[in-house]
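The values are calculated or read from the model by the stated rules, or taken from the named source; none is laboratory data. Given the structure is predicted, the values throughout are model-derived calculations rather than measurements. Note that each Cβ is placed from the backbone with ideal geometry, even for glycine, and that neighbours are counted across all protein chains shown.
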Amino acid sequence: MAETRSTCPYCGVGCGVIIEHDERQIISVRGDEQHPANLGRLCTKGSTLHLTATPALTRQTRLLQPMQRLQRGAAPQPLGWDAALDHAADRLAAIHAQHGPDAIGVYVSGQLLTEDYYVFNKLVKGLLGSNHIDTNSRLCMSSAVAGYKATLGADAPPCSYEDLAHAQTVFITGSNMAWAHPVLFRRLEDARRANPAQRWIVADPRRTETADAADLHLALRPGSDVALYHGLLHLLLQEGLTRPDYIAAHTAGFDALKQRVAAFTPEHTAELTGLRIEDLRTAARWFGSSPATLSLYCQGLNQSSSGTAKNAALINLHLACGQIGKPGAGPFSLTGQPNAMGGREVGGLANLLSAHRDLANPAHRAEVAALWGVPEVPARPGLTAVEMFQAAADGQIKALWIACTNPAQSLPDQATVQRALQRAEFVIVQEAFSTTATAAFADLLLPATTWGEKDGTVTNSERRISRTHAALPPAGAARHDWDIAADVARRLATRIAPERVAMFDYRTPEQVWCEHRESTRGRDLDITGLSYAMLEAQGPQQWPLPEGATVGRVRLYEDGMFPTPDGRAQFADVAFMPLAEPCDDAYPFGLLTGRLRDQWHGMSRTGQLGRLFGHDGLPSVEVHPADLARLGVAEGELLRVRSRRGNVVLSARGSERMAPGQVFIAMHWGGEVLGGVAAGGVNALTSPAFCPRSKQPELKHAAVAIEPV
Ligand code: SF4
């Protein structure tokens, strides 16, 4: 029996796994005790990974050879790799010639490895000549990115997992960490066991399992987070709990923010948030008087039409109290997807460039052009996720190349997404699984490798880069994502820019990674001191790790210097904005969305295992019992949930975890048939409204009506 070290592909905790296999089949998976993220632990999803990679399941669910659909709606036909890649290159080149580079959109994934991401990004920005590449990380972390950059000057989570053990107050806000980041939550429980004086505040409209464990649960009104943070800052100032010395020495812009939060009196904040004034005071005292306060946050802040403002307003609290750059303190975003961080590092989004460079910065564009050996990188920002599919629905985007993600289930406003996939002239779906909703729309299906077969790197929430190793050869004729992208790029370059063929002459993921490493030289995430060999010998490492360093940096900004032009962090004077779609008489309920404990995203992998349905096995809509009684609906009966965009039919479940007037639907379920009635996933209902700065859509809230079927 052989053993291979790798990482779990499910979430941004980035747990290390050891895969036991016989080189033909994965036999078991266990947590890697030497991996600093999980120290041997795995959650239910990670510990069942091997069961999702059995030969029987692979035969049923994997895409094992290239396939072409000669007509929309017809069964796809197999073809060889050469023919498939030439077809891809021919069609893309033709659309490029006829409509220009802006007619092609590439939509990738936070589940790609860093090397995959790098090649896709270079293909679009260095070869096609547009910035129309975006990723499902736009649905995950783009507000966190924008929030960090607006305040701290760089997209760099300043903390480490070891800070959980040093914190005295932990503020978990917009995160059901117990279910979404389970292994990290276990570490937090360990921390409180070791230090019973550690206090937890949880801000969440729902009384989640995380909130159950809190010393103080702030069940705020959905969307009122900025009001809460401004109100807390008002109280911190009132009670003398800010740090004027830190503010004066290390920050800028406090006076304007101070004026803004003057209006957020406890009474006004209580009115906006629905919280009690005494709870607001308690939270402010715990936050400000603690020797070390750590905020942990996730999609409750990010998936919002004011996502950047929410992130920035939370970071304001840390700057005002000097709760940053010391053990146990700081704003710490929990990354949703396993490698959303790696994608950000290579600049694989419509508004970013390699190594945290900004597309809007001419010097940064020139640096990337020089690195790639091209005359220029286009300046015009690309279309972000929601915009890209809207543009395809409107006929402006003619070709969509979708890799390792399932937008026909996961993007909001599915009616528009499905129109986009139908209207696009050419849809490539590069996927490991043949069973995704998006695969049904593909003109060309390119089989990709997946967990257990891939080799490269990922970065987790604490800036830690890990090697991911292949235990098995690719299933069927599948190829690695970076390899497929590079091969299409070479063929495409032959057709549109022959001098650029050599830009994609990669033979190994390490070659790709070394090029990425060089792009980080002198940047905030400089990893020029790191190598694949060092990762093998010393294990996962945190960035930055510049040339000459022997270990990465555990904590950022300990010297009070920030990566801004004047070295000071910037307070963000952000307004509190209401939800994009408030409830009204026609749509009186507020829909909340979130994760289940044992499922991952659209369930293409976890949904194959019966045992992962043991915790929650039925698509349902959770409704407060008082609302169910008012509707005359009994537990288990069917309810139709309608928004302005669509409707779904789900089994009713009474739950006091939300306030009356709120309903909850898990994000994972796709189209189902219940009692003979077709029922769509939650994204038939969700809104495409997005944060104007981060462009992250408000997946967490929509106004809905509910009625018995
Ligand atoms: Fe995988 Fe996340 Fe669970 Fe760790 S916590 S085992 S990374 S799903």
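The figures follow:
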| read-out | value |
| --- | --- |
| Residue pairs meeting the criteria (Cβ under 8 Å; at least 6 apart or on separate chains; first over 16 Å from GLU462 (Cα atoms), in the stretch 181-204; second among the charged types (D, E, K, R) and more than 16 Å from the ligand (Cβ to nearest atom)) | GLN198/ARG192; ARG199/ASP215; TRP200/ARG192; TRP200/ASP215; ILE201/ASP215; ALA203/ASP225 |
| Conditions (1) over 19 Å from GLY12 (Cβ atoms); (2) not assigned by TED's automatic domain parsing to the domain that holds LEU237: number failed by LEU319 | (2) |
| Residues satisfying the stated conditions in the stretch 205-249, i.e. of a type in the set (Ser, Thr, Tyr) and in a loop (DSSP other than H, G, I, E, B) | THR208, SER224, THR242 |
| Lone qualifier among ASP573, ASP616 - being modelled with pLDDT under 95 and not assigned by TED's automatic domain parsing to the domain that holds LEU272 | ASP616 |
| Whichever residue in the stretch 6-22 is within 14 Å of the ligand (Cβ to nearest atom) and assigned to a strand (DSSP E or B) and, among such residues, is surrounded by the fewest Cβ atoms within 10 Å (Cβ to Cβ) | ILE18 |
| Test result for LEU57, over 24 Å from PRO540 (Cα atoms) and either away from the ligand (no atom under 16 Å from the Cβ) or more than 29 Å from the chain's Cα centre (by Cα) (or both) | yes |
| Hey, ALA144 of a type outside the set (Ser, Thr, Tyr) and either surrounded by fewer than 24 Cβ atoms within 10 Å (Cβ to Cβ) or within 20 Å of the chain's Cα centre (by Cα) (or both) or not | yes |
| Residue tally, condition within 24 Å of the chain's Cα centre (by Cα), in a loop (DSSP other than H, G, I, E, B) and polar (S, T, N, Q), over the stretch 514-571 | 1 |
| Matching entry among LEU63, LEU57 (being under 21 Å from GLU431 (Cα atoms) and touching a Phe, Trp or Tyr at 6+ places or on another chain (Cβ under 7 Å)) | LEU63 |
| Flag for GLU656 being within 22 Å of ASP204 (Cβ to Cβ), touching a residue at least 24 places away in the same chain (Cβ under 8 Å) and surrounded by fewer than 16 Cβ atoms within 10 Å (Cβ to Cβ) | yes |
| Within the stretch 596-626, tally of residues that are surrounded by 16 or more Cβ atoms within 10 Å (Cβ to Cβ) and in contact (Cβ under 8 Å) with a residue 60 or more places away in the chain | 18 |
| Any hit, the stretch 450-462, residues being hydrophobic (A, V, I, L, M, F, W, C) and surrounded by fewer than 24 Cβ atoms within 10 Å (Cβ to Cβ) | no |
| Of all residues making up the stretch 578-625, the number that are polar (S, T, N, Q) and in a helix (DSSP H, G or I) | 2 |
| Restricting the stretch 23-38 to residues that are under 17 Å from ASN460 (Cα atoms) and either in a strand (DSSP E or B) or in contact with a helix residue (DSSP H, G or I) (Cβ under 8 Å, 6 or more places away or on another chain) (or both), the residue that is nearest to the ligand (Cβ to nearest atom) | ASN38 |
| ARG41 being in a loop (DSSP other than H, G, I, E, B), more than 21 Å from CYS404 (Cβ to Cβ) and near the ligand (Cβ under 10 Å from one of its atoms) | yes |
| Strands (runs of 3 or more DSSP E) completely within the stretch 661-709 that count 3 or more residues being at pLDDT 95 or above and not aromatic (Phe, Trp, Tyr) | 662-666, 701-708 |
| Flag for GLU189 being within 16 Å of the ligand (Cβ to nearest atom), surrounded by fewer than 22 Cβ atoms within 10 Å (Cβ to Cβ) and over 23 Å from GLN696 (Cα atoms) | yes |
| Unique match (being within 16 Å of the ligand (Cβ to nearest atom) and crowded, with 24+ Cβ neighbours inside 10 Å) among GLY330, GLY307, GLY343, GLY336 | GLY336 |
| Subset tally (residues that are surrounded by fewer than 15 Cβ atoms within 10 Å (Cβ to Cβ) and among the basic types (Lys, Arg)) for the stretch 55-114 | 2 |
| Considering residues of the stretch 626-660 that are outside any strand (DSSP E or B) and among the charged types (D, E, K, R) only, the residue nearest to LEU592 (Cα to Cα) | ARG657 |
| Unmet criterion (only one of (1) more than 20 Å from THR273 (Cβ to Cβ); (2) within 16 Å of the ligand (Cβ to nearest atom); (3) part of a loop (DSSP other than H, G, I, E, B)) for PRO196 | (2) |
| Some residue of the stretch 70-78 being in a strand (DSSP E or B) and within 14 Å of the ligand (Cβ to nearest atom) | no |
| GLU462 vs. criteria under 14 Å from PRO9 (Cβ atoms), charged (D, E, K, R) and in contact with a helix residue (DSSP H, G or I) (Cβ under 9 Å, 6 or more places away or on another chain) | no |
| Test: residue in the stretch 202-224 that is of a type in the set (Lys, Arg), within 28 Å of GLU698 (Cα to Cα), in contact with a helix residue (DSSP H, G or I) (Cβ under 7 Å, 6 or more places away or on another chain) and at pLDDT 95 or above | yes |
| Residue satisfying condition, being of a type in the set (S, T, N, Q), without any contact (Cβ under 8 Å) to a residue 12 or more places away in the chain and in contact with a Leu (Cβ under 9 Å, 6 or more places away or on another chain), within set ASN361, ASN339, ASN316 | ASN361 |
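Conditions (1) within 16 Å of the chain's Cα centre (by Cα); (2) modelled with pLDDT under 95; (3) assigned to a helix (DSSP H, G or I), marked per residue:
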site: LYS326; (1), (2), (3): no, no, no
site: GLY348; (1), (2), (3): yes, yes, no
site: ALA355; (1), (2), (3): no, no, no
site: PRO378; (1), (2), (3): no, no, no
site: GLN390; (1), (2), (3): no, no, yes
site: GLY395; (1), (2), (3): no, no, no
site: LEU400; (1), (2), (3): no, no, no
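This table checks each residue for (1) aliphatic (A, V, I, L, M); (2) crowded, with 21+ Cβ neighbours inside 10 Å; (3) at positive phi.
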position: THR494; (1), (2), (3): no, no, no
position: GLY522; (1), (2), (3): no, no, yes
position: ILE527; (1), (2), (3): yes, yes, no
position: ALA537; (1), (2), (3): yes, no, no
position: GLN541; (1), (2), (3): no, yes, no
